[in-house]
1. If the chain between S78 and K188 were fully stretched, how many nm would it gain, using 0.36 nm times the residue separation less the Cα-Cα distance?
2. Rounded to two decimals, what ratio of Rg to Rh does the range 234-288 give with C-alpha atoms and a Kirkwood Rh?
3. How high is the FRET efficiency from S255 to R130, r the C-beta distance, R0 35 Å, rounded to 0.05?
4. So which of K221/K247; K220/K268; K115/K257; K41/K221; K221/K248 end up more than 28 Å apart by C-alpha?
5. Where in the chain are the helices, taken as whole DSSP H runs, whose Cα atoms extend 18 angstrom or more along the long axis and whose Kyte-Doolittle mean reaches at least -0.5?
6. So who's got an amide H within less than 5 Å of the one on F195, skipping anything under 5 residues away but keeping other chains? H placed 1.01 Å off N, in plane.
7. Determine, for each peptide in 264-277, 39-52, the mean count of other beta carbons within 10 angstrom over its residues, then list the peptides with the highest first.
8. Just want the answer: with Cβ charges of +1 for Lys and Arg and -1 for Asp and Glu, which residue in N283, I253, P214 is farthest toward the dipole's positive end in the range 150-289?
Amino acid sequence: MDLSLIIISYNCADLLGECLKSVFASTGVSLEVFVVDNASKDGSATVVRERFPLARLIANDANRGFGAANNQALPNCSGRYVVLLNPDTAVGAESLNKMIRFMDGNARVGLAGPKVENPDGSRQDSVSYRYPGHRFGAADLGELPGDIACVLGACQIVRADLFRSIGGFDEDFFLYGEDQDLCLRIRKKGFEIGFIENATIMHYGGHSERQTPPAEVVRKKVRAEHLFYRKHYNAETLRRIRSAQRKKALWRIISLKLLFPVTADKTKALGKLARYKVIYEENQTGSND
């Protein structure tokens, strides 16, 4: 088996079917497909059962989070590589084959990601060269192989044996931050992170959180970042990061309030204000973690 592909579904029935359809239309690859449903309320599991009998469904009674759900499927994976794919994506017919060929030809790469496009064909930013807090914490990370820090978690291919050897995802990350943490842990094992230019996926983005207020999404992301900081940086670095973020957020709050009377798009300004208030609050309370 070339490939074990894992999709985590959570209230995404409207897109999950198209995602699976694109996966099973892939050419030039032998693969098995796992769908782990995190207690969706919209019939996502039914979509898999009724329309895609070749997919192996794991239906959870509760939302276990992204990393933990992937780890559930990992012991059953028999492929040389594991692809971690979001349900709000569609893969090109030859993309999975190209991803495998890239990994076969680059032994130093432990994990890689394809090119990611928006539904309109424009390109999504899917490659990062720095980790959160890198400005303050680069020295804590030491020398790492390769130039790429992380590729977007919407689609990643990882060597199965390597993925198992590091214990899969860190389940302390419930939704955000787990992709950055995984990439960093793989680099600490001596492998590079790769980018596969000739393989493409389409990604809608943010689908599972579309019912969540934007400020609460920001809160989740900030808390995931704090977890990343605590795990990979020393205490002084963490203090400096939080201080800088708190000061930046406070400055933006003051600026938005001062400019509000002459701001044309007040709805947008209020949204920004709510987000920066969350960042400020979380960096205040975070100092006591």
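1. Separation in residues times 0.36 nm, less the Cα-Cα distance, equals 37.1 nm.
2. With Rg and the Kirkwood Rh in hand, the quotient comes to 1.10.
3. Efficiency, rounded to the nearest 0.05: 0.85.
4. K115/K257
5. Helix filter hits for the chain: 235-259.
6. So F195 has HN proximity to G113.
7. By packing density, highest mean first, the sequence is 39-52, 264-277.
8. I253
Readers should treat all values here as calculations from the given coordinates under stated rules, not as data from a laboratory. Quick caveat, the model's predicted, so the values are computed rather than measured. Cβ sites come from the backbone with ideal geometry, for glycine too, and all protein chains shown count toward neighbours.
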